[in-house]
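Structure record follows, encoded as structure tokens.
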Ligand code: AMP
């Protein structure tokens, strides 16, 4: 037997239902905010990620699925979707079209990470990008949309953590201050962080190693060093959040693992998820489009991890309405087929199987299908046109005319 690749998984019933529900809710909410979908290829030139995500980030240094194709070109399975979306925006000059300034994506991403609960090598993200709007309203709305999506899926207990990482100018100043501070504690920092001091200084603040955490606890915080423009931007975003009563926590050492962020960064976490507690992560990246060869226009976006969301949705009810159609003899089959066709046309999900079974075996089969209902059609039912509908959850039976069944199943009437 050939098994699936480590860190990847197959998705099927009932989990796939959650994914479909997430996608449905996301599409509904995004369209209310004027977004349209973009689908970019899973394969991109490696350079796209080294230039945008950053050569010194963990993603580019250690986690990418990179290979040479038959012509010796270096290609990478996308580890995230922002860079591909921005590439598409530049390539098709979509930045000239306001209709394309609000895009969303849903799809698989690939990172060679150590698999654990909530962390996989192929995982799936839902994300948005808002192009060419520098104003704090966008940062606020971006966060609001993520919150609405989670709420619509019944996930209410999430913490919104927010920070500003400043702009290119003021961040540079802070990085040198942080470097000076960290250099004093080199002996207490893990070997990864020792490397990060020079190459990816901010990322040290993200380290979970206990001895590093001790050093980080007393480190200078970026918010004390950002310029006036960045300060004002941040205070407007937090003011909107307050005005619209979205609870948030300013988290002065929140940075994100990717290089391209500027000003607002945020994360949504759930204490129910254990160590991999981030469900949504994102922020503003005003320099990304120009760094990839496009015009100097700002953007904002976030990505949500569908696997983590699916873990939180574990107990949500699956709104199935599957009906198993049990037919009791060759003479009933044509009528059963007509019933199935009618019920499907009214939106009821119907399974009709080819093998003739006894009533007892049909009901067993309905149970194994995890059907909510079974509909029993025998000679008597064909004659009387009153069909027996059995609720497989509580065993109750009711006699209904065919045209009464859809309303009964779909609306409980
Ligand atoms: P990032 O692209 O790293 O900002 O991640 C955004 C979100 O994607 C995170 O908050 C997680 O929910 C999810 N995510 C990132 N990496 C993984 C992974 N390896 N496995 C599962 N989910 C992930």
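FYI, it's all coordinate maths here, none of it is from the lab. What you see is a predicted model; the values in this text were computed from it and never measured. Heads up, the Cβs are rebuilt from the backbone with ideal geometry, glycines too, and the neighbour counts pull from every protein chain shown.
Thinking of the stretch 1-109 as a set of Cα atoms, what percent of all their pairs are more than 18 Å apart? Result for the distance tail: 63 percent.
Ranked by the mean number of other Cβ atoms within 10 Å per residue, highest first, peptides 50-57, 301-308, 206-213, 367-374 order as 301-308, 50-57, 367-374, 206-213. With the alpha-carbon atoms of the stretch 92-229 aligned to their principal axes, the span from lowest to highest coordinate is 51, 41, 34 Å, starting with the largest. Relative to the longest principal axis of the C-alpha atoms of the chain, give the angle of the C-alpha long axis of helix 330-345, reported between 0 and 90° and rounded to the nearest 10°. With rounding to tens, the tilt is 40 degrees. Residue ranges 114-120, 146-152, 126-132 sort as 126-132, 146-152, 114-120 when ordered by packing (mean number of other C-beta atoms within 10 Å per residue, highest first). Each 10 Å bin from zero up to the one holding the largest Cα-Cα distance in the stretch 185-292 carries the following percent of pairs: 12, 38, 37, 13, 1. The per residue volume of the convex hull around the alpha-carbon atoms of the stretch 56-102 is 105 Å³.
Just to confirm the number: angle between the C-alpha axis of helix 136-152 and the first principal axis of the chain, 0 to 90 degrees, nearest 10? In the chain, helix 136-152 runs at an angle near 30 degrees to the longest axis. The calculated FRET efficiency for residue 74 paired with residue 229, based on their beta-carbon distance and R0 = 35 Å, is about 0.35.
Using the average count of surrounding beta-carbon atoms within 10 Å as a protection proxy, the listed peptides 384-391, 65-72 rank, highest first, as 384-391, 65-72.
Rg over Rh for the stretch 323-411 works out to 0.91, using Cα positions for both radii and the Kirkwood form for Rh.
Size descriptors for the chain: radius of gyration and Dmax over Cα atoms are 26.8, 90 Å. Against the longest alpha carbon principal axis of the chain, how many degrees, from 0 to 90 and to the nearest 10, is the axis of helix 228-243 turned? It works out to around 30 degrees.
Inverting the pair-averaged 1/r between distinct Cα atoms of the stretch 368-413 gives 11.0 Å as its Kirkwood hydrodynamic radius.
As a calculated quantity, the FRET efficiency between residue 188 and residue 370 at R0 = 60 Å, using C-beta atoms, amounts to about 0.65. Segment residue 296..residue 91, full-extension length gain: 72.3 nm, with 0.36 nm per residue of separation and the alpha-carbon distance subtracted.
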